[in-house]
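Note sheet for the following structure.
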Amino acid sequence: MKGSVSVFILLGLFGLLILLVAIGLNTKVEPSTAPAQAATEPRDDCKDNSFGYLLGLKEGDSLAAAYWKPGVQPTRLYNVRDFDEIGHNFLNHRDGKPYKNPRIFYEYEVQSSTQGGIPIRKRWDVVMERNSKNYAGQTCAIIELAEAE
């Protein structure tokens with residue numbers, strides 16, 4: 001009797017093992033694509049720097065001016081409360097020819113204030129030179145902050 005109980009226990013364990021293997025083979029695991037996408041999408045220094053500049057203004061960080069190209073007088077926005085990226089594109093001369101040092105602009109809708117403290121919401125273009133270094137030594141320096149058309 002002891003031997004037959006042992007056989008039933010072994011058969012039960014063997015059946016359980018087969019069931020677990022079958023479940024494992026039928027379970028589909030989707031591989032994560034996030035790391036692969038992150039590795040294939042290049043970093044956009046211009047986007048990072050335009051965002052960093054506005055975030056620095058929002059947080060009252062005096063280092064926001066470090067995103068500008070040396071020799072260019074930084075434009076100041078007052079009391080930045082919020083901003084959203086609208087879009088971006090390359091910037092060409094008026095005749096349609098590209099600049100020798102490629103320029104790109106990022107358009108943002110910015111909630112800020114006038115110098116007198118009146119709240120405003122306005123679209124601004126953060127114009128950048130892709131191959132110029134800013135005060136922090138990073139590529140893609142801001143060269144102009146212009147009202148968006």
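The values are calculated or read from the model by the stated rules, or taken from the named source; none is laboratory data. Everything numeric in this text was worked out from a predicted model, so none of it was measured. Every residue, glycine among them, receives a Cβ derived from its backbone with ideal geometry; neighbour counts consider all protein chains shown.
Would you call Y108 outside any strand (DSSP E or B) and touching a helix residue (DSSP H, G or I) at 6+ places or on another chain (Cβ under 7 Å)? Before the answer, list the steps.
Working: outside any strand (DSSP E or B): no; touching a helix residue (DSSP H, G or I) at 6+ places or on another chain (Cβ under 7 Å): yes.
Judged against the criteria, Y108 is not a match.
Which one is surrounded by the fewest Cβ atoms within 10 Å (Cβ to Cβ) among residues in the stretch 41-75 that are of a type in the set (S, T, Y) and closer than 20 Å to H88 by Cβ? If you could, list the steps in order and put the result at the bottom.
Pass one, the stretch 41-75, residues of a type in the set (S, T, Y): 50, 53, 62, 67, 75.
Restricting the remaining residues to those that are closer than 20 Å to H88 by Cβ gives 50, 53, 67, 75.
Values: S50: 28, Y53: 28, Y67: 25, T75: 13.
Ranking the candidates gives T75 first.
Name every residue in the stretch 96-134 that is surrounded by fewer than 16 Cβ atoms within 10 Å (Cβ to Cβ) and either in contact (Cβ under 8 Å) with a residue 60 or more places away in the chain or hydroxyl-bearing (S, T, Y) (or both), in order of residue number.
Result: Y99, S113, T114, K133.
Anything in the stretch 66-121 that is under 19 Å from G56 (Cβ atoms) and aromatic (F, W, Y)? List them, or say none.
Y67, W68, Y78, F83, F105, Y106, Y108 - these are the residues of the stretch 66-121 that are under 19 Å from G56 (Cβ atoms) and aromatic (F, W, Y).
If I ask for residues that are assigned to a loop (DSSP other than H, G, I, E, B), among the polar types (S, T, N, Q) and in contact with a strand residue (DSSP E or B) (Cβ under 9 Å, 6 or more places away or on another chain), which ones from the stretch 111-149 would you list?
So the first thing to find is which residues in the stretch 111-149 are assigned to a loop (DSSP other than H, G, I, E, B), and the list is 114-118, 134-138, 148-149.
Narrowing further to those that are among the polar types (S, T, N, Q): 114-115, 134, 138.
Within the stretch 111-149, T114, Q115, N134 qualify.
Kindly evaluate R94 against the criterion of being at pLDDT below 90 and assigned to a loop (DSSP other than H, G, I, E, B). Steps first, please.
Details: at pLDDT below 90: no; assigned to a loop (DSSP other than H, G, I, E, B): yes.
Judged against the criteria, R94 is not a match.
Just need a number here: residues in the stretch 135-149 that are among the acidic types (D, E) and without any contact (Cβ under 8 Å) to a residue 40 or more places away in the chain. Give the steps one after another, and end with the answer.
Quick first cut of the stretch 135-149, residues among the acidic types (D, E) only: 144, 147, 149.
From what is left, the residues that are without any contact (Cβ under 8 Å) to a residue 40 or more places away in the chain are 147, 149.
Of the residues in that region, 2 qualify.
Please determine, by comparing only the residues of the stretch 64-84 that are in contact with a helix residue (DSSP H, G or I) (Cβ under 6 Å, 6 or more places away or on another chain) and part of a helix (DSSP H, G or I), which one is modelled with the lowest pLDDT. If you could, list the steps in order and put the result at the bottom.
So in the stretch 64-84, the residues in contact with a helix residue (DSSP H, G or I) (Cβ under 6 Å, 6 or more places away or on another chain) come out as 64, 67, 74, 77, 80, 83.
Then drop every residue that is not part of a helix (DSSP H, G or I), which leaves 64, 67.
Working: A64: 92, Y67: 96.
Once the filter is applied, the top-ranked residue is A64.
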